[in-house]
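Remarks on the structure that follows.
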Amino acid sequence: AKHSALLEQVAAGQCPTHPMDLMGELVALSPKLGVAAHNRIVCVLLWVVLVLMSLCFHYYQAWFMGSYDRHLHSAEDYTLQLTNVPENFTSERRLKRLLEEELRMHEKIHGVCICYNFLSLPEHDKEEIEEMLENMTEHDTWKNGWCPENQCIGGLKQRIEHDKQKFTEFVRSGRLKCSGQAWVVFKKQVDMVKVQEERCGIRRAIFEAETEEQMNDLIHGSRYHSHSSEGEKQPGARTRQGNSMDSGSGGDGFIEIAASCSEPGGVRFEAFTEDPGRHRMNVNVWMPLRMVGYIVIYAISAQVFYSSMIKPWQDNFIAGVESSLAVGIAGKLVIGLNFAIQTIVMIDVERWGNFKSFSEVDERTFLWNTLLLVITNAYIIMQECYRGGIRWVLAAPTEVREEQLWEWQRIWYQSSVVEEEIGKSLASVMMEQIMMLYVIGEVANVLAPVICYWIALRSIYVWQIGGEKSHVQKLLRKILPKQRSDNGKTIGAREAERAQILMPLLLWMEYTYVVVFAWMALFTFFLATKEGNDVCGLLLFFSILFYIWQRCVMLWLYGKATYDTNDTYLAFIRVWGCVLGTLPPQAVWWGYRLGEIKEPRFMVVVMVLVFVLASLVFQYGIIFVNWKMGHRFGSEGVDDFGAKGDPGYHDVIEKVSASWWNVNPIYVLKTRYCPEEPGYQVHSEALQKNLWPTSQPLRGFLEP
């Protein structure tokens, strides 16, 4: 409107008509300067509002989780974790007896669960154990009447007898060892809380005693001596020095006792080893190298796409592009490559990381995928921003000649057009990311495996495409889970069951997209463009779509991951603080663009310092909320059981079906094939019946 009024004044002869004067007036009245001054204030106010809202949200989440945990009785509430257990402790019965003596908890321990060195075993041993579990599960499926015998693999009874002999020989060989980690489960929560408050560790010498007499002497002596080697401690006082007693760390003289923070179904028993150095090497060296490689691959593909197609397109079809359709198709392929790399990252984190819980796999996958998407999208945005003709400083130069000022004003208008195009490109990129990566990718992640398995099964066993021994059928069989049928004409019950298993519901992908899309939307405040409203509208659309999909589809129709923890959420909320931390530095950026800051290097230094300060403010806010609500998001005491009191851990087993023993593959095999093997004895027969729910009378393996 101001521009139109100025042009009307020029036509009426009421305004300077010299081109230089007219151009100066147009620049001074440009909406771009108004957007700059507006963004400088809005970004700071928006940061304050979003930080307060985020901290309130975190406070509500902490309150809800604490309240929910006090009324939900899970295995975690009855369990303590032991770390640095000697590798020769392979008998649950012996370990339970020792703990009852040392902790003075006679008849108060429900049982103990030992993690074995599955990851350190040779590959052929791992394959044989997996095959034994398959045979056992298929046998129990038939015995429970869930499938007829003719749908099981041939010679199943002979396989079971062979597995019994083979596993017994494997146990006697001595290759099976304790990984250093175990869980002790109490019958009542009050006993678990008492031990947690009074003890943080046990002297390792007690576990290494060669005779029962030596063990008893050490146990009775340890009750009157400090668990710490430095100074005197009051009787019953708990020390936190045991927190560093991790396996392979400096606390080799102690067995650490700590909270479990995990459910039985969320433990990856196949990822344990007695060699922690291997795990640290994978996590700290090889995995980061592979992730950097994936980022480089995507950056190269994006650069080739940009230089060969987008750049010529921006230069008005100068060369290298035939139509906008080609650009669109190539762009979708690049996004498809991004999704493929995300999938590879997910698989690599699970296989290379060898993390001991599904929640830790979920957390690390979220962190690595978020880093991948932020870096790759930042690369795309930087390519868009550094176009020819862009000028970031909006303030007019001083003390220049008239010709130079005229040239600056001409480029200023050209830069305004280019900056508007950058805003449109950013909105387009974000729209494609939402549609391709989230909508299509999320649906594909949930439904694609099941659909592919269904098509492969129908193609092999119903339509019989290509014949029994054709290359087509060999390829289709590779798509399916492990095949166990004796012939290619029938499918077994286990094969059909595995082909219908859905992916577990874990939220790393959702948290990643929340971070990345919000970061892209906040980036528009760096630009003087009208597309900011459109980008924020896309973010609102994503939020509504996200809520509907998660609440109405994933939670109600798909199912719940009952073994998940809050670790991924805590990682997300901390990363979210870094996303919000990008807002205050934008005030410094606009000060530079308006000419109030002259030196670009000084501007960069100040922006980095402001970002760090803003992020720290948020992080300290999270720490304060956690302190206010308690370190475990709720009371560390006994749950609220009402008038009936604590029903005990066996009640939890009956409700959730999963216990620390029926999801432990080695313990299940020991129970079935060699329960009284010297040095490897399982719990007594009287106790065994309380380790499985009544729905599992055969005491078999429960797949998480």
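The values are calculated or read from the model by the stated rules, or taken from the named source; none is laboratory data. Quantities reported herein were computed from a predicted structural model and do not represent experimental measurements. Positions of Cβ are generated from backbone atoms using ideal geometry, with glycine treated the same way; all protein chains shown enter the neighbour counts. For the accessible areas, the whole protein counts, side chains as well, though only heavy atoms, and no ligand, DNA or RNA atoms are used. Shrake-Rupley method; radii C 1.70, N 1.55, O 1.52, S 1.80 Å.
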- Item | Out-of-range pairs (alpha-carbon distance over 22 Å; input LYS157/LYS469; LYS655/LYS689; LYS177/LYS670) | LYS157/LYS469
- Task: Give me the percent of the accessible area of segment 22-156 that comes from carbon and sulfur atoms, probe 1.4 Å, all protein chains in place.
- Result: 61
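Loop only per DSSP, at most 12 neighbouring Cβ atoms within 10 Å: give me the trypsin sites (Lys or Arg not before Pro) in segment 579-685, ordered by residue number. Please report the intermediate quantities before stating the final value.
Values: sites: ARG593, LYS598, ARG601, LYS628, ARG632, LYS644, LYS655, LYS670, ARG672; in loops: LYS598, ARG632.
In loop regions of segment 579-685 (DSSP not H, G, I, E or B), the sparsely surrounded trypsin sites (Lys or Arg not before Pro) are LYS598.
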- Task: Can you list which of the chymotrypsin sites (Phe, Trp or Tyr not before Pro) found in segment 342-386 are DSSP loop residues with at most 11 other C-beta atoms within 10 Å?
- Result: TYR386
- Round to a whole angstrom and tell me the spacing of the C-alpha centers of segment 108-168 and segment 576-607. 61
- Note on the structure: With the label point 7 Å along the Cα-to-beta-carbon line of LEU480 and a cut-off under 16 Å to each amide N, the hits in segment 141-161 are 151-154
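Per 0.36 nm of contour for each residue apart, how much would the distance between ILE300 and ILE344 grow if the chain were fully extended, relative to their Cα-Cα spacing?
Numbers: separation 44, 0.36 × 44 = 15.84 nm, distance 1.72 nm.
Stretched fully, the ILE300-ILE344 segment lengthens by 14.1 nm.
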- Task: Calculate the spin-label point distance for VAL48 paired with ALA258, positioning each point 7 Å from the Cα along the beta-carbon direction, and give it in nanometres.
- Result: 4.1
- J(HN,Hα) series, segment 621-627, from Karplus relation 6.51 cos²θ - 1.76 cosθ + 1.60, nearest Hz, glycine and proline x: x, 5, 4, 5, 5, 4, 5
- Which far-off residues, 5 or more places away or on another chain, put their amide H under 5 Å from the one on GLY595, with H placed in the peptide plane? LEU394, ALA395
- How much length is gained if the chain between ALA643 and ILE544 is pulled fully straight, taking 0.36 nm per residue apart and subtracting their Cα-Cα distance, in nm to one decimal? 31.4 nm
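Work out, in µm²/s and without decimals, the Stokes-Einstein translational diffusion coefficient of segment 139-178 at 4 °C, 1.567 mPa s, Rh from Kirkwood over C-alpha pairs. Please list the in-between numbers first.
Details: Rh = 11.9 Å.
The estimated diffusion coefficient comes to 109 µm²/s.
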- Note on the structure: Once both label points are put 7 Å beyond Cα along the C-beta direction, the GLU703-ARG551 separation in nm becomes 3.4
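How much FRET efficiency would the formula 1/(1 + (r/R0)^6) give for GLU107 and LEU156, where r is the Cβ-Cβ distance and R0 is 25 Å, rounded to 0.05?
Values: r = 40 Å, r/R0 = 1.60.
Step by step, r from the Cβ atoms, then E = 0.05.
THR694 to GLN681: extension gain in nm, 0.36 nm per residue of separation minus the Cα-Cα distance? Mind showing how you got there, number by number?
Working: separation 13, 0.36 × 13 = 4.68 nm, distance 2.26 nm.
Difference between extended and current length: 2.4 nm.
Beyond a 27 Å Cα-Cα separation, which of these cross-linked pairs lie in this structure: LYS164/LYS188; LYS187/LYS644; LYS166/LYS187? It would help to have the intermediate numbers written out before the result.
Details: LYS164/LYS188 35 Å; LYS187/LYS644 16 Å; LYS166/LYS187 35 Å.
Exceeds cut-off: LYS164/LYS188; LYS166/LYS187.
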- Query: What is the distance, in nm, between label points placed 7 Å from the Cα along the Cα-to-Cβ direction at LYS598 and at LEU72?
  - Reply: 6.1
- Magnitude of the Cβ-charge dipole of segment 65-203, K/R +1 and D/E -1, about the Cα centre, nearest 20 debye? 640
